[in-house]
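Written below as structure tokens is the structure these notes are about.
Read-outs: derived from the displayed coordinates by stated rules, not from any lab. Note that the structure is predicted; figures quoted are calculated from it, not measured. Every residue, glycine as well, gets a Cβ built from its backbone with ideal geometry; the counts of neighbours run over all protein chains shown.
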Amino acid sequence: MDEALLDHKLKEYLEENKNNFEKYLLNQAVNVREKINDILRVGDIDLINNAHNLTHFIIDGNKQDKLSAFAKQEGVAWATFSLTLSFKLEWIQAIRRTLWIFIQKYSNEIQAISIVTFFELEKQINNQIDYFLNEFFINYSTYKDALISSQRKVVESLSVPIIPITPSICILPLIGSVDTFRTSILEEKVLTEIGRLHIQTLIIDLSGIKEMETEVIDHLMKIIYGTSMMGCRAVITGLRPDVVRQMIQLGIKFDKETQTFGTLQQALNKYLINKE
């Protein structure tokens, strides 16, 4: 039988036995069938409908571009919603097994498939499924990496929130834990923003800091020194007693240009209210 005609006949057979195909498929994918509704709800991904689309692309060997586009679409969707990869792998392997079951049924019920045709069909179908899986995982990884990178940039930006309150005065409220990684981001962002915004006074509020290691305190002092070198006055507020004790023990002290206040409100009173 002509290969194109066989592909057409197979697709017709699968369409006529669509409901039975779905039942066999669900029996093959034991773990995934319990998650079908969840995946549909979370990612708007219809696994059953996608399985039918995939089988059509697989059987039709001339639709490589559509198979590639479908794999990309699936990879991006699964990466976006952080869906479990093991479910995807189980689902595709279940589609592979179910498809071969129905090819056997077709050969027994409708048209016997010769040995030569069978091996050609085996090569085409398995190569297409492997190609889909490869394209899916490449696109999943690429998009996931880009997503993580984008999210990290957002987190980094949020971890150093420089807030302008006048054209020349900004506040940098630091909240949570500050480690060496965060101080590296802090240094880059502070110096860049001082130059970009022409900040003359930077109020660094430390009242929200839970704890600071010795290395972090030392790095913070370098940031304050760098701020001064760029012609910007550093104002420190909200130093906690334990941090002050650490600084005393380490012999660290601010230079004469750096001012300190007990609270952010006190600094605002001086640089905003009194100034006005």
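Return one quarter of the surface area of the convex hull spanned by the alpha-carbon atoms of the range 163-273, equal to its mean projected area, in nm². If you can, show how the numbers build up before the last one.
On the way: hull surface 25.1 nm².
In nm², the orientation-averaged hull projection of the range 163-273 is 6.3.
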Considering amide H positions built from the backbone, and no H for Pro or chain starts, which residues 5 or more places from I236, or on another chain, come under 5 Å of its amide H?
I204, Q259, T260, F261
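Report the trypsin sites (Lys or Arg not before Pro) located in the range 178-269 that are in a DSSP loop and have at most 10 other Cβ atoms inside 10 Å of their Cβ, or state none.
Details: sites: R182, K189, R196, K210, K222, R233, R245, K253, K256; in loops: K253, K256.
Sites meeting the loop and neighbour criteria: K253, K256.
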Of (i) 1.68; (ii) 1.01; (iii) 0.96, which is the value of Cα Rg over 2.2 N^0.38 Å derived from the coordinates here?
(i)
If you take the beta carbon distance between K23 and S107 as r and set R0 to 25 Å, what does 1/(1 + (r/R0)^6) give as a FRET efficiency, to the nearest 0.05?
0.80
Relative contact order as a percentage, the chain, C-alpha pairs under 8 Å and 6+ apart, gives 13 percent
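What does DSSP give for the range 163-273 in terms of the percent of beta bridges that are antiparallel, rounded to the nearest 5?
Numbers: 2 of 18 bridges.
Roughly 10 percent of the beta bridges in the range 163-273 run antiparallel, per DSSP.
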Would you mind computing, in nm to one decimal, how far apart the modelled labels at Q200 and K63 are, each placed 7 Å from Cα along Cα→Cβ?
6.8 nm
Calculate the length of the line joining the C-alpha centroid of the range 1-63 to that of the range 202-230, in whole Å.
59 Å
For the chain, build the charge dipole from Cβ charges (+1 Lys, Arg; -1 Asp, Glu) around the Cα centre, then report which of N31, N134, G262 sits farthest towards its positive end.
G262
